[in-house]
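I'd like to ask you about the structure that follows.
The values are calculated or read from the model by the stated rules, or taken from the named source; none is laboratory data. Owing to the predicted nature of the structure, the values given are computational and were not obtained by experimental measurement. Methodologically, a virtual Cβ is constructed for each residue, glycine included, from the backbone with ideal geometry; neighbour enumeration extends over all protein chains shown. Surface accessibility is based on the protein's heavy atoms, side chains included, excluding ligands, DNA and RNA. Shrake-Rupley method; radii C 1.70, N 1.55, O 1.52, S 1.80 Å.
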Amino acid sequence: MLPMHGLIEAAPRAGRVLAITLALALATVAALPVASSPQNARTYVSVAIGARAQGQPVPSAYMGLSFELSSLGEVARLSERGNLVTLLRSLGRGVLRFGGVSADTQIAWSDAMTPRPAWAVGTIGPADLRRLATLASRSGWKVLLTIGLAHFEPASAAREARAARAILGPRLAGIELGNEPNAYGAHKLRALPWTFSQYAAQASSYLRAIGADGAAPPPLAGPDVSGSPAYLSWGRGEAARLDPAILTGHHYPLGCHEAIPPSVARLLSPDIRRAERISMLRYLSTTARSRIPFRLDETGSVSCGGRPGISNTFGSALWASDYVARTMAAGMTGINFHGNLRNCLGYSPVCATSAQDLAEGRL
C-alpha cells in the first residue's frame, strides 16, 4: 500500500479530496486496536467508502497565502529566483493576497503621475506589478490586491487599480478597498462614529474613479473585516450596496493581547473549535442569502505576527490542517494564511531562515 502522502500525490488533482479521505480512513483503521491472536496470525479488516454521499465540492484555487502589501516587491522578485514558484505549484492553483495594515498606513501607489505622498514610508509601482504578474503566470496563482483607503485618495486608487487590471489581466482575482476598514475608528484612521454607510460612500467614490475611463473595474472583494461579529452588518451591507464578486474577512483563533495568554493547548482546544464554528457560520450567513462566495483572506494561529513556541510548532500545523478541512466543509471558497518571509518564528507558512536564504530565494 502506498504511504499516505504517496496515495494523495498519486491521485489526480480532481480526486485528491477522495484520496485524502481514503488515506485518513486507512490511517484510522491502522490505529485501531485488534484482539490478541496467535503469533503470525493475520487479522483482516474491511473498509467500505460510500461514493453516493457527496460532501462540499472544493472550489478551484482554494489554498492561498497572504502578505503585507509592504512585502509585495520582495515576494514578486522571487519570480526570477529561488523555490517559491515550485512551492506554489506544489499546492495547485491558489491566490496570493497582499494587504494587511501596511496597505493603509505605510505603502502608497506611485507612478509617473503619482508622486509618493508624505505619509508613506514606501511605495509600489508598475515595475512591482510586472514582476508579480510573472510570479502569477509561472506559478498558476492569482492575485488579490488591497488598495489603501485610510488616506482617501480616489485618483491615486484609480491609477493603481487600472495598472493592476492592465498588467495582471486575468491573473487579478480582485481588489479590496482598505484593510479591516471596520476598525478604522478604533485605530484613529477615522473619526467616530464610523459605520459601514460611511465606508460604502467612500468605497463607491473609489469605484467611480476607477471606472471613469469607461472600462470595467477589476472584481471587487470585501469588506475585509477584522472579525466575524463586525461582518454581520458589514458583510450584508457590502453584498447589498457594493456588488462584490467575493466577500472577505479575517479570523485569528488566538489574540496577542488576550488576558489569557496564547498556548498550543488553547489553540487545539474544544473551546477554540466552537469559536471557529461560530465565526464560520457568521461569515457564511451572508453567502447563503446573497449567493456571493466568501473567502477567508487572512488567518493565522496568533494575531500580531504569531507567537514563537506556538505558531512555529507542529501544534500549529495540526491546527491549520484541521482548519482548512473544516472551512472547506463549511462551504467557504478559499483560505489565505498570513505570513512574513522574514519571520520563521511567527505564523508564516513559508519563510527564509536567513538573510542570505531570502536574497537567494531559498524558502
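Using mean Cβ contacts within 10 Å as the protection proxy, how do 117-123, 136-142, 99-105, 51-57 order, highest first?
99-105, 136-142, 117-123, 51-57
A further question on this structure: Run the numbers on the chain and let me know its relative contact order in percent, using alpha-carbon pairs under 8 Å that are six or more apart.
It comes to 15 percent, rounded to a whole number.
So, one more: What whole-number value in cubic angstrom gives the convex hull volume per residue for the C-alpha atoms of the range 33-124?
238
Under the rule a/c < 1.5 gives rounded, and otherwise a/b versus b/c splits prolate from oblate, where does the range 175-284 land using the Cα gyration tensor?
Here the range 175-284 falls in the prolate category.
From zero up to wherever the largest Cα-Cα distance of the range 224-363 sits, split into 5 Å bins and tell me the percent of pairs in each.
Distribution as computed: 2, 10, 19, 20, 17, 14, 9, 6, 2, 0 percent.
Hey, another quick one. Suppose accessible area is computed on protein heavy atoms with a 1.4 Å probe; arrange GLU160, GLU360 from highest to lowest. Kindly include the intermediate steps, with their values, before the conclusion.
Numbers: GLU160 10, GLU360 80 Å².
Largest accessible area first, the list is GLU360, GLU160.
A follow-up question, please. Could you state the number of Å between the C-alpha centres of the range 92-130 and the range 233-297?
Distance between centres, Cα-based: 26 Å.
Now a separate question. Which sequence of TYR231, TYR44 reflects their accessible areas, 1.4 Å probe, from the largest down?
Per-residue accessible area, sorted high to low, gives TYR44, TYR231.
Which percent of the accessible area of the range 267-363 is formed by carbon and sulfur heavy atoms (probe 1.4 angstrom)?
Numbers: 2500 of 4280 Å².
So the carbon and sulfur contribution to the accessible surface is 58 percent.
Averaging over all projection directions, find the projected area of the Cα convex hull of the range 142-203 and quote it in nm² with one decimal place.
4.3
Okay, moving on. Which order do the peptides 255-262, 63-70, 310-317 take when ranked by the mean count of other beta-carbon atoms within 10 Å per residue, highest first?
Output ranking for 255-262, 63-70, 310-317: 63-70, 310-317, 255-262.
If you don't mind, another one. Which whole-number value in Å² is the accessible area per residue of the chain, probe 1.4 Å?
49
So if I place +1 on the C-beta of Lys and Arg and -1 on the C-beta of Asp and Glu, and nothing else carries charge, what would the dipole magnitude of the range 60-104 be about its Cα centre? I want it in debye, nearest 20.
260
Taking all protein chains in place and a 1.4 Å probe, what share, in percent, of the accessible surface of the range 56-140 do carbon and sulfur account for? Kindly include the intermediate steps, with their values, before the conclusion.
On the way: 1860 of 3560 Å².
Carbon-and-sulfur percentage of accessible area, whole number: 52.
Turning to a different aspect of this structure: Please tell me the relative contact order of the range 142-191 in percent, rounded to the nearest whole number, where contacts are Cα pairs under 8 Å and at least six residues apart. Walk me through the intermediate numbers first.
Values: 45 pairs, mean separation 26.3, N = 50.
RCO, the range 142-191: 53 percent.
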